[in-house]
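A short reminder: the numbers here are calculations on the coordinates, not readings from a lab. In this text, all values refer to a predicted model and were calculated from it rather than measured experimentally. Cβ placement follows ideal geometry from the backbone for every residue including glycine, while neighbour counts extend to all protein chains displayed.
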Amino acid sequence: MVKRSKETKEADKLVLNSHVAKENVVHSKVAKTAEVGSGEVKEIRRIGVLTSGGDAPGMNGVIRAVTRAAAAHGIEVMGVRRGFHGLWRGDIIELKPRDVSDILQRGGTTLMTARSKTFMTEEGVSKAMSMADVFGLDALICVGGDGTGRGALDLAAAGLPVVLVPATIDNDMAGTDETIGFDTAMNTVISAVDKIRDSASSHERCSVVEVMGRNAGFLAFQVGVATGAEVVLIPEIDCDFDQDVVKKLLSARNRGKQHFIIIVAEGVRLDPDFHAAVKAAPAIAIAEEVEAKTGIETNATILGYVQRGGNPSLRDRYLSSMMGIEAVETLLAGRANRLIASLRGQIVDIDLSEALAMKKEITEEAFKRAGILSL
Ligand code: F6P
């Protein structure tokens, strides 16, 4: 039986639209974030752009779109290399439209990225602000996930107008239906799982495939549906291992199924006595337990960083291009401290601190609905 997680129960308010809720996510308000700057934007002559946190396919499309959209509006662009780490170190270069040729189709980020610990301190933020001043940045477009958003808000609080373009393969940002990189990562994972299934079916085995997502199961959930996985385990939905995994596999075997795919999100949480092993190596611990309890030969595959690379899909090239333009035009329209979001197929801008205070969830309804497909 699936149960709603504690966090899900505590999420107090559905703040966005019913369209989103009917699909597989909801955006719920859970916390308040820090006060940010006024959100007023003075005249913009020069903007900075940086990519931060985990790289995601499509980040290059944003760099290209920001550079070219800004040029079209007569604004200068400076590329900040290595994320916030590069900002406080002044690792900043000029970007002209020709500098961003031939990068739309490339994975990773040509500006490079980092997870900066120094930036997270008061001193780091103040160094970053003085570098923004040295290089004459009137505003900063940050490309990344929720950690990048929190870094951007720190700068906003110190007075630098910011816009966040959401890019993470995890798709775990509330306020936007999709993040740049998610679509490519899903396509990478389904092609890997299709290959694994060929082998599982030839040997009549069960294969456990671990996918990324940190504490979120969006990647695992959609990939599970798209590959016809027999079992999907995600952090958002509690699982009774004997009922939801062991019994399900044995019942399927007794109905004549001869091979099985289990998709596991890396952040999955299971029973306390089993959890330590699962936390250390989810796919391996689950594969061992499945084999011990069902007698079905079971192997484990950890897909790892292959999920972050590769040429962006059409969707990610389109999304990154349109979001990059929207980020520049949002600043030019005088709005700051905003998240560029994809909502019901529209690219819009919404308040960044409100978006970061919300939690995106997978509904139990969607999870249950998908479960009937593996009968
Ligand atoms: O946020 C993207 C992501 O790939 C997560 O899915 C994963 O848990 C994490 O980054 C890995 O981070 P790092 O690149 O620091 O190993």
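What does the charge count near residue 314 come to, summing +1 for each Lys or Arg and -1 for each Asp or Glu among other residues with Cβ under 14 Å from its Cβ?
Numbers: positive: 315, 317; negative: 178, 183, 316.
Value of the local net charge: -1.
Excluding same-chain neighbours fewer than eight residues apart, the aspartates and glutamates reachable from residue 117 by a Cα-Cα span under 16 Å are 146, 154. Comparing 250, 352, 87 in a Gaussian network model of the chain where C-alpha atoms under 10 Å apart are linked, the largest mean-square fluctuation is found at 250. Using the Cα gyration tensor of the range 56-109, with a ≥ b ≥ c the square roots of its eigenvalues, what is the shape: rounded (a/c below 1.5), prolate (a/b larger than b/c) or oblate (neither)? In terms of gyration-tensor shape, oblate.
Roughly what % antiparallel, to the nearest 5, for the DSSP beta bridges in the chain? Display every interim value, and only then the final one.
Details: 19 of 51 bridges.
Roughly 35 percent of the DSSP beta bridges within the chain come out antiparallel.
Between beta-carbons, use under 12 Å as the cut-off and find the net charge around residue 245, counting Lys and Arg +1, Asp and Glu -1.
Working: positive: 247, 248, 293; negative: 230, 240, 242, 244, 271, 289, 291.
Summing Lys/Arg as +1 and Asp/Glu as -1 gives -4.
In the chain, taking the dipole from charged Cβ atoms about the Cα centre, the farthest positive-side position among 228, 162, 241 is held by 228. Shape annotation for the chain: C-alpha extents along the principal axes are 69, 43, 37 Å, from largest to smallest.
Using the Cβ-Cβ distance between residue 258 and residue 348 with R0 = 51 Å, the FRET efficiency computed as 1/(1 + (r/R0)^6) comes to roughly 0.60.
Amide H contacts for residue 180 (H built 1.01 Å from N in the peptide plane; partners 5 or more residues away or on another chain; cut-off under 5 Å): 167, 168.
Given a Förster distance of 30 Å, report the FRET efficiency between residue 201 and residue 292 from their Cβ-Cβ distance, rounded to the nearest 0.05.
On the way: r = 22 Å, r/R0 = 0.75.
Approximately 0.85, to the nearest 0.05.
May I ask you to compute the full-extension gain from residue 335 to residue 277, defined as 0.36 nm times their residue separation minus their alpha-carbon distance, rounded to one decimal in nm? Spell out each step's value before the answer.
Numbers: separation 58, 0.36 × 58 = 20.88 nm, distance 4.75 nm.
16.1 nm is the gain from fully extending residue 335 to residue 277.
Tell me, in nm to one decimal, what length is gained between residue 250 and residue 98 on full extension, where the rule is 0.36 nm per residue of separation less the Cα-Cα distance?
Working: separation 152, 0.36 × 152 = 54.72 nm, distance 5.89 nm.
So the chain would gain 48.8 nm between residue 250 and residue 98.
Which links in 96/127; 195/360; 195/359; 42/360; 247/368 stretch past 23 Å when you go from one Cα to the other? Before the final figure, lay out the partial values.
Working: 96/127 26 Å; 195/360 31 Å; 195/359 34 Å; 42/360 33 Å; 247/368 16 Å.
Those over the limit are 96/127; 195/360; 195/359; 42/360.
Sorting the Cα pairs of the range 198-309 by distance into bins of 5 Å, from 0 upward, gives 2, 13, 24, 28, 19, 10, 3, 0 percent per bin. Distant-in-sequence amide contacts of residue 313, defined by a placed amide H-H separation under 5 Å and a gap of 5 or more residues or a different chain, comprise 184.
Placing unit charges on the Cβ atoms only, positive for Lys and Arg and negative for Asp and Glu, gives the range 281-375 a dipole magnitude near 280 debye about its Cα centre.
As I understand it, the dipole of the range 235-372 uses +1 on the Cβ of Lys and Arg and -1 on the Cβ of Asp and Glu, about the Cα centre. Which of 272, 310, 294 lies farthest toward its positive end? Positive-most Cα among the choices belongs to 310. Rounded to the nearest 20, the size of the Cβ-charge dipole of the range 182-325 about its Cα centre is 420 debye, with Lys and Arg at +1 and Asp and Glu at -1. From the square roots a ≥ b ≥ c of the eigenvalues of the alpha-carbon gyration tensor of the range 75-151, which class results: rounded (a/c under 1.5), prolate (a/b over b/c), or oblate? Judged from the Cα gyration tensor, the range 75-151 comes out oblate (a/c at least 1.5, b/c at or above a/b). In plain terms, the chain from residue 242 to residue 42 could stretch by 66.0 nm, reckoned as 0.36 nm per residue minus the Cα-Cα distance.
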